[in-house]
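Notes follow once the structure below has been shown.
The values are calculated or read from the model by the stated rules, or taken from the named source; none is laboratory data. Quantities reported herein were computed from a predicted structural model and do not represent experimental measurements. Neighbour counts are summed over all protein chains in view; Cβ atoms, including those assigned to glycine, are modelled from backbone coordinates with ideal geometry. Quick note on the areas: whole protein, heavy atoms, side chains included, nothing else; ligands and nucleic acids left out. Shrake-Rupley method; radii C 1.70, N 1.55, O 1.52, S 1.80 Å.
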Amino acid sequence: MKSLNFNNKWILVTGASSGLGYEMARQLAYQHKANLIIAARRADKLNQLKAELEQQAGVQVKVVVADLSVQADIDRLISLSLEGQELYAAILNAGITYFGPHIEMPEGDFERILQTNVISVVRITTQLVKHFEIAGKESGVMIVSSMAALYPPPYQAVYAGTKAFVMNFINALQYELKNKQLSLTVYAPGGIATEMTEGEKFNELKAWLMPVEQAAKEGIAALQSRKYNHIPGLLNRVGSKFMKLLPKSFIVGQLGKTYQKSLDKLK
Ligand SMILES: NC(=O)c1ccc[n+]([C@@H]2O[C@H](COP(=O)([O-])OP(=O)(O)OC[C@H]3O[C@@H](n4cnc5c(N)ncnc54)[C@H](OP(=O)(O)O)[C@@H]3O)[C@@H](O)[C@H]2O)c1
């Protein structure tokens, strides 16, 4: 399948107000000259990014302020993405976690995580795939999952479950595509230095975090080259192969010890 070419094409990036989504949006604009539809809840951050990219990268940027845990906002984002310009690709990156003992998770967090990480992804992907199947043109969709889908970290049990859901959903759906110019990619990073991992709770893991610029670069390349599943970082990829040789309970136990150490230090 021919690689995607983002030059002067419209790409949707969700969760573009910070972290990986923000950095992918910047790289897509500066390095690939892509026009962008950027979505998240924080209007100020999105509008700042729009102003910067339009002035300095010379691309067009459309802002959609949307809370992806809310059905009406998901529907509005889908409509605005498919109307007014020809959408070429999408990166569904918005995501949240809860880090702490599962039974202490605040009321409502489970539903919010499920809505944001799973329900919005399935709803948006479904409508985009329907659109791209009918259009029959060159296109690509990338979902940001996580290595947590493969090796679920304790104290982020719900998050790990959501990331495994989207990975399996996209991997299975890819087979059903009739448009041979459409690809679905799952991007599964290990830890990245972003707002998600910046609190003290992640202190024990800070040394393992990938710079967000590298994670963004590899993500864009994975979408562009239409990878099926991609884990960024050679160490993560080799580690992941090696970990397959060990019992999953052992790996999860090691992750649990590291995360527990971080949590214990906060007591
Ligand atoms: N950081 C890591 O170690 C790591 C590792 C593997 C995978 N990932 C995945 O990478 C993706 C990006 O995370 P990140 O690390 O870049 O974290 P981040 O800096 O916290 O960014 C999360 C983005 O998602 C948006 N978002 C959150 N809830 C939303 C909602 N209800 N509606 C709309 N947008 C929402 C946030 O924007 P607003 O707050 O403005 O809405 C923000 O732009 C996530 O899917 C995450 O699971 C992260």
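Just a few scattered comments:
- Some residue of region 80-98 being hydroxyl-bearing (Ser, Thr, Tyr), more than 13 Å from the ligand (Cβ to nearest atom) and loosely packed, with under 15 Cβ neighbours inside 10 Å: no
- Total residues in region 51-83, condition among the small types (Gly, Ala, Ser), free of Cβ contacts under 8 Å to residues at least 24 places away in the same chain and under 24 Å from residue 114 (Cβ atoms): 2
- The residue that is farthest from the ligand (Cβ to nearest atom), counting only those in region 1-53 that are in a loop (DSSP other than H, G, I, E, B) and in contact with a Gly (Cβ under 9 Å, 6 or more places away or on another chain), is 33.
- A search for C-beta distances below 8 Å between a residue of region 84-112 that is of a type in the set (Asp, Glu) and any residue that is not in a loop (DSSP other than H, G, I, E, B), counting only pairs 6+ apart in sequence or on different chains, returns 86/10; 109/158.
- Taking the numbered list (1) closer than 18 Å to residue 155 by Cα; (2) in contact with a Ser or Thr (Cβ under 8 Å, 6 or more places away or on another chain); (3) aliphatic (A, V, I, L, M) in turn, residue 192 passes all entries but (2).
- All conditions in (1) more than 11 Å from the ligand (Cβ to nearest atom); (2) under 14 Å from the mean Cα position of the chain (by Cα); (3) hydrophobic (A, V, I, L, M, F, W, C); (4) open to solvent by 10 Å² or more (accessible area, probe 1.4 Å) hold for residue 147, with the sole exception of (1).
Matching residues to (1) within 14 Å of the ligand (Cβ to nearest atom); (2) closer than 18 Å to residue 257 by Cβ; (3) open to solvent by 50 Å² or more (accessible area, probe 1.4 Å):
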site	(1), (2), (3)
175	no, no, yes
195	yes, no, yes
206	yes, yes, yes
210	yes, no, no
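- Cβ-Cβ under 7 Å pairs, at least 6 apart or on other chains, region 124-148 side of a type in the set (Val, Ile, Thr) and in a strand (DSSP E or B), far side surrounded by fewer than 22 Cβ atoms within 10 Å (Cβ to Cβ) and at pLDDT below 95: none
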